[in-house]
1. How many of the residues in segment A:61-108 are more than 13 Å from the chain's Cα centre (by Cα) and among the aliphatic types (A, V, I, L, M)?
2. If you go through segment C:244-293 one residue at a time, how many are open to solvent by less than 10 Å² (accessible area, probe 1.4 Å), more than 13 Å from chain B (Cβ to nearest Cβ) and assigned to a helix (DSSP H, G or I)?
3. Within segment A:53-61, can one find any residue that is farther than 20 Å from C:Ile466 by Cα and part of a strand (DSSP E or B)?
4. In segment B:242-261, how many residues are open to solvent by less than 10 Å² (accessible area, probe 1.4 Å) and more than 12 Å from chain C (Cβ to nearest Cβ)?
5. Look through B:Asp204, B:Asp136, B:Asp183 and report the one residue that is closer than 28 Å to B:Tyr415 by Cβ and without any contact (Cβ under 8 Å) to a residue 60 or more places away in the chain.
6. Of the numbered conditions (1) surrounded by fewer than 24 Cβ atoms within 10 Å (Cβ to Cβ); (2) within 14 Å of the chain's Cα centre (by Cα); (3) not charged (D, E, K, R), B:Ser272 satisfies every one except a single condition; which is it?
7. Looking at (1) more than 9 Å from every other protein chain (Cβ to nearest Cβ); (2) assigned to a helix (DSSP H, G or I); (3) surrounded by fewer than 24 Cβ atoms within 10 Å (Cβ to Cβ), which one does C:Lys342 not meet, given that it meets all the others?
8. Every residue in segment B:132-152 that is in contact with a strand residue (DSSP E or B) (Cβ under 8 Å, 6 or more places away or on another chain) and either over 26 Å from C:Gly271 (Cβ atoms) or modelled with pLDDT under 95 (or both), please.
Amino acid sequence: MKKFTKTHEWVEVEGKIATIGITEHAAEELGDVTFVELPEEGKEVKKGEALCAVESVKSASDVYSPVSGKVIEVNTELDASPEIINEDAEGKGWIVKLELSDESELDGLLTEEEYKNSL
Amino acid sequence: MKRFPYIPHTEEDIKEMMNVIGINDIKELYKDIPKLFEGELNIPESKSEIEVKRELLELSKRTINLEDYAMFRGAGIYKHYVPSAVYQLATKRNFLTAYTPYQAEVSQGTLQALYEFQTAICELTGMEVANSSMYDGGTAVAEAILMASRVNKKHKALVAKSIHPEYIEVSRTYTESQGLEIDLINFNEKTGRIDLEDLKSKIDENTSSVVISYPNFFGIIENIKQIKEILPEKVLLIVNAYPIALGLLEAPGKLGADIVVGEGQSLGNYMSFGGPTFGFFASKQKYIRQMPGRIIGETVDADGKRGFVMVLQTREQHIRRAKATSNICSNHALMAVIASIYLSIIGREGLKEIAYQSYQKAHYLAKKLIESEKFEPIFEGEFFNEFVIKPKFDLDKFNEKLYEEKFIGPLNLGYFFEDMKNDALFCATELNTKEEIDYLISKVGEIDEINL
Amino acid sequence: MKLIFEKSKEGRTAFSLPKLDVPEMKIEIEDELLRKEAPNLPQVNELEVVRHYNELERKNHSVDSGFYPLGSCTMKYNPMLNEEMANLFNYIHPYLEEEHVQGALELMYNLQNYLGEITGMDAVTLQPAAGAHGELTGMLIVRKYIEDNGFTNKTKVILPDSAHGTNPASAKMAGFDVVEVKSGADGRVDLEEFKKVMDDTVAAIMLTNPNTLGLFEKDILEIARLAHEHNALLYYDGANLNAIMGKVRPGDMGFDIVHLNLHKTFSTPHGMGGPGSGPVGVKAKLKDYLPKPIVDINEEGKYFFNYDIPKSCGRLRTFYGNFSVMVRAYTYILMMGKEGLKFASEMAVLNANYLRKRLEKEFDIAYDEVCKHEFVIDGSFLKEYGVKTLDFAKRLLDYGIHPPTIYFPLIVHEAMMIEPTETESKEELDNFVEVMHKILEEAKTDPEILKEAPRNTPVRRLNETIANKQLKLRG
């Protein structure tokens, strides 16, 4: 199941694991991504809190966590190749995997269609 | 209408321009401001260049010009030789009257000069990366403490009591409001070096950084390696270095420093009553995203030609606003370029030689002063070009006598330390001649006769 | 172009020292602290250094080389006399007995007073090294004020969304939380929005007036009243003082703290980004919180550094400030005098309005009304031709004009912020207008020219993405 936020994150859930990234639209708006400030594994985040930041030359955008949980994996490939986000924001350009703490939080998020309409 | 040399508008121009705007009186451009100030400013009327120059010359005559004085005082600002080419090149008007290199295509002069500056600072300090300058040595130390805290998320800085007292004050001012704590580490009264036992006892899990000067405020050369060895892994070692000394002393980066900062004045900058000078700021590459200030990087242009731009701007206030690494917006680019030109002129061998001569002259001076038996040594630790000794007479009176001979004597440390009243902080550089030193010694010899 | 390091050749030098004239002593420093490998500085001949820096210098645009209408930066002409006067004071050490530096102290004392008079403030410190440094000083004064008065619940600083980035950063550095108020439809502080956030937890409000759109905050008296009603202080960011000298004073508008930029308003050169100088003025009630020391005069007419400020916010830097910058500003004030400063502000405002009027037909002016020293073009309309403000700016470079400040203030999309200053002649402004129109025509007929601009500059557009990814930061 894939959901979206108004702040341009996507989250895909498989069982208890939520994979999170920024949307293709967000990546396009940012321009060439030059750096992703990845969170530490083990970090606990609440829904809506800043999880990490994605930077281009002239901007730095916080990535807000769509759901609450614990960071269990980060995409370390982004360290060396942040451009993956521009190439495949909603696939290989995922940023973190969280262990979900409250699945019901997903209900409040946007569907793909709702998100696209909101743009 | 009165004419002003820096304003080109003629009456005709003004009329034409008002016509275009559709107004009849300049006042109409100000009609939205409250009428709170109707009078005239209480400052003098405009003057001609001739009059202004006279006035400034008169002020300058009541301010000593140390160019032809024998200088035995340092304490953070040093009289080193400034080669003739340095200011003539640095103050060329396209350097002087340009601003921040916002438009890189027409700022390659600034950008490359600052890139070269960063390179030189890395070479001097033995660090991997450097920014393009801070306001001065004091703010560089303060910002280094803040940076260390961002890196390791800890909140206590242990600062050697033997760094410049004003740097401690600045560091307190900068850090207090952010909830950081500064604890001072004593110096060993015998050696003048940092008291390692005191340092060990004060390190705890909140310790973010340790700050030392190299050499320290008393001129004593700290053993960076020894200090680094007792620090827990997460604690950052901040070294405030005197850049000229780095021609003789091992680079702090080679001895374990994590951040190296310092006052850059001695690198070709005039003393200018203490400002403007600049601070340099270097660190390990892995901390660069926590570094304050502007950083220049190399790149290519649309034709693949080498060029330079400002990089990592996402750390800075114009993008990150309240989340920036610092509020610093400008740097002291001109002073940094002065340093860069200076280092190009003196070169590798020149720096070595200046450091060596400064060391030798200071040691000759110290030896002669002690031999005069009018002073007692205080610290045993090895020094670079400054040292503290205890006069057996009234230092201020002696300094006044020296002044009449166009000699500036040592700093009375009572100025900074209650318990060091009348202790003398002497300094020598490559500019002090043997003749001057011998003359000073002869004056010391006369002390009994002049009854101090 | 090669780096100076790349021109290095073993055995060359541009320097010589007298032979060491004291008996050489053995160096007693422990071996591990002695430098093993000398820093790899360039080894070049003097002429090579001269040519190198000459070549670099020619690659810069500067006020001396051409029009520089960089909004918010006040790139006015930097008089030659300033430099000559500053050079009179090169060889002064900061730790000299006060009786030997009376001239320098008198200059500082007078400058404190003049700046106090120009801003309507009762006491001034010259210590801050730059505008942002002045802001930090001001915010730390606010901190001392609230501590001293026991206003423990004051944790916030309010500023408009059009504020300079340094404002929130400085407030944050002083330990405050930042609250941004949205600007109203007229580009000014929205009084209703302001009232919503204005309460007893507010320590200070930071404003620039005229603001970064060049508009005068009409409600300033009401804002001041509300601030003071809640015991909050009103802070004036002096970046835009060049619009109002001798016309209205921040102190009279109700501001409690002011910082100035001597490198903007008072004609001291920007030096590629610094040194500047950011003096801070305060009302009498805040005098006790100023940084130490300030320059004072005693009963015998002797000037001295007054360290007796027990409630001081501390020391913001070493020594006394950027003294030689002060000399330049002082020289400028003497040259201009009271009537000249006022005239300078009037002509700065006249120039800005003249440009605004001449451009308003073809360009979208954000908030097109009488402005002060600057105004902002909204470049969104350029999209229609497939170009952006950035492209337009780069094309200006080809015509030898430094572009305005772009993409600031943040509240105007595709912003181009134009501040001509009073030192530019009508002819220079007319030329700018002509070039602006020419480029607009190019945008309409051949937008590629803009997208590929600049072409006539020492380098063409630089790849910032590569620069930020590869991070090559030294030679």
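The values are calculated or read from the model by the stated rules, or taken from the named source; none is laboratory data. Just so we're clear, the structure is a prediction, and the values are computed from it rather than from any experiment. Note that we place each Cβ from the backbone using ideal geometry, even for glycine, and neighbour counts take in every protein chain shown. The area values use the complete protein model at the heavy-atom level, side chains included, leaving out ligands, DNA and RNA. Shrake-Rupley method; radii C 1.70, N 1.55, O 1.52, S 1.80 Å.
1. Residues in segment A:61-108 being more than 13 Å from the chain's Cα centre (by Cα) and among the aliphatic types (A, V, I, L, M): 5 in total.
2. Residues in segment C:244-293 being open to solvent by less than 10 Å² (accessible area, probe 1.4 Å), more than 13 Å from chain B (Cβ to nearest Cβ) and assigned to a helix (DSSP H, G or I): 1 in total.
3. Within segment A:53-61, none of the residues are farther than 20 Å from C:Ile466 by Cα and part of a strand (DSSP E or B).
4. Total meeting the criteria: 5.
5. Answer to the check: B:Asp183.
6. Here B:Ser272 meets the rest and fails (1).
7. (1)
8. Within segment B:132-152, B:Ile145, B:Ala148, B:Ser149, B:Val151, B:Asn152 qualify.
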